[in-house]
């Protein structure tokens, strides 16, 4: 009942108003209702609505009392915007530097093409001013036609992809043992397939030991054209000269810029996050066994996003077989291992008196865990180690 009281009071007061006032009020309210019903998510007035209220503001003195959609200050702001647009239209185009004629632009292009050694100031000061043509240097630089553009060049991504097969990265990182000793690991990785070429562990590395690892990583003439490494003194002062003698150009990373050897740094992070951070190393032999197992998994089984989820060493994964779980020491969950992937196929031999069954051994995936126990039950000949 209380909500109806203002409506009844308004109807009583409007009974004393003139017919003209009621017609104007009804027209204004209908226009606002039409604009509100036309807009679904949010009230958005068109230019016609704004123009309508600008005319009402000029014709009706009591327009403020009938305005419900927006504030009166909004209508005044619309009027000021219309005032600016009107005088901008009356003022015509903005004043500024006059445009050059088509003949002058063509003359500038002709001079630039026929005289490729002439610069902007030569064309402006020595040629155009002699003809009585006053042109700014900025206009000449904008309108002159330079020589033929360079042919499109390949991007850095394409360049690195084309030369990735001849680039290796090398780095060293440390591992702490249970008895608080420090072990050093050196590795070589290829930029092409992200393959870990070679690694070795030592407690006291020196230049001679590192050079021996380079020779072991490059047998039978298999060496890269470029080797990216840091500026550690353990490489030795004559490493670059000795590497150049066998056809390897050493590329040193800048000071305090590990991102320059990003692939090597990412491999170090992968070895720590997925392997070494989940176990305690006892000795140098233990670390070498762990890394040997993990490097085999890294090269043959671990997918890489840079290789479109392929492995560094392409392998023909068997389509069928039994998948067994084998518990590993790294992580709370057990690791999956494709074991005993042997497909039993029957072949009809030329001898008709009997049929021989052959066992075709498929490639077995190595275990993800570094130290695994033999699975229970019979294993295939390839898994019995």
Per-region count, region 269-295, residues closer than 16 Å to residue 190 by Cβ and surrounded by fewer than 18 Cβ atoms within 10 Å (Cβ to Cβ): 1
Which listed residue, of 174, 234, is surrounded by fewer than 18 Cβ atoms within 10 Å (Cβ to Cβ), in the same structural domain as residue 273 (by TED's automatic domain parsing) and under 31 Å from the mean Cα position of the chain (by Cα): 174
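For region 230-262, name all the residues that are assigned to a helix (DSSP H, G or I) and closer than 25 Å to residue 161 by Cα. Don't jump to the end; show me each part of the working.
Restricting attention to region 230-262, the residues satisfying the condition of being assigned to a helix (DSSP H, G or I) are 233-235, 239-245, 258-262.
Result: 240, 243, 244, 258, 259, 260, 261, 262.
Would you say residue 100 is in a helix (DSSP H, G or I) and modelled with pLDDT of 75 or more? Let's see the steps before the verdict.
Numbers: in a helix (DSSP H, G or I): no; modelled with pLDDT of 75 or more: yes.
For residue 100, the condition - in a helix (DSSP H, G or I) and modelled with pLDDT of 75 or more - is not met.
Just one of 172, 227 is touching a residue at least 24 places away in the same chain (Cβ under 8 Å), in a strand (DSSP E or B) and closer than 19 Å to residue 312 by Cβ; which is it? Steps first, please.
Details: 172 fails: closer than 19 Å to residue 312 by Cβ.
One residue alone meets the criteria, 227.
Among 180, 239, which is without any contact (Cβ under 8 Å) to a residue 60 or more places away in the chain, on the phi > 0 side of the Ramachandran plot and in the same structural domain as residue 164 (by TED's automatic domain parsing)?
After ruling out the rest, the residue left standing is 180.
Restricting the search to region 194-211, which residues are in a helix (DSSP H, G or I) and buried (at least 18 other Cβ atoms within 10 Å of the Cβ)? First the steps, then the outcome.
Restricting attention to region 194-211, the residues satisfying the condition of being in a helix (DSSP H, G or I) are 207-211.
Within region 194-211, 210 is the sole residue that qualifies.
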Unmet criterion (only one of (1) at pLDDT below 95; (2) touching a strand residue (DSSP E or B) at 6+ places or on another chain (Cβ under 6 Å); (3) buried (at least 18 other Cβ atoms within 10 Å of the Cβ)) for residue 226: (3)
The lone exception for residue 265 - which of (1) surrounded by fewer than 18 Cβ atoms within 10 Å (Cβ to Cβ); (2) assigned to a loop (DSSP other than H, G, I, E, B); (3) touching a residue at least 24 places away in the same chain (Cβ under 8 Å) it fails: (2)
Criterion violated by residue 214 - all others in (1) touching a strand residue (DSSP E or B) at 6+ places or on another chain (Cβ under 7 Å); (2) surrounded by 18 or more Cβ atoms within 10 Å (Cβ to Cβ) satisfied: (1)
Options 83, 118, 53, 78; residue that is out of contact with any strand residue (DSSP E or B) (no Cβ under 6 Å at 6 or more places or on another chain), modelled with pLDDT of 80 or more and either over 30 Å from residue 143 (Cβ atoms) or not in a helix (DSSP H, G or I) (or both): 118
Hits in region 272-323 (condition: in contact with a helix residue (DSSP H, G or I) (Cβ under 8 Å, 6 or more places away or on another chain), part of a helix (DSSP H, G or I) and touching a residue at least 60 places away in the same chain (Cβ under 8 Å)): 276, 290, 291, 294, 298
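The values are calculated or read from the model by the stated rules, or taken from the named source; none is laboratory data. Not measured: the values here are computed from a predicted model. A quick note on method: Cβ atoms are made from the backbone with ideal geometry, for glycine too, and the neighbour counts reach across all protein chains shown.
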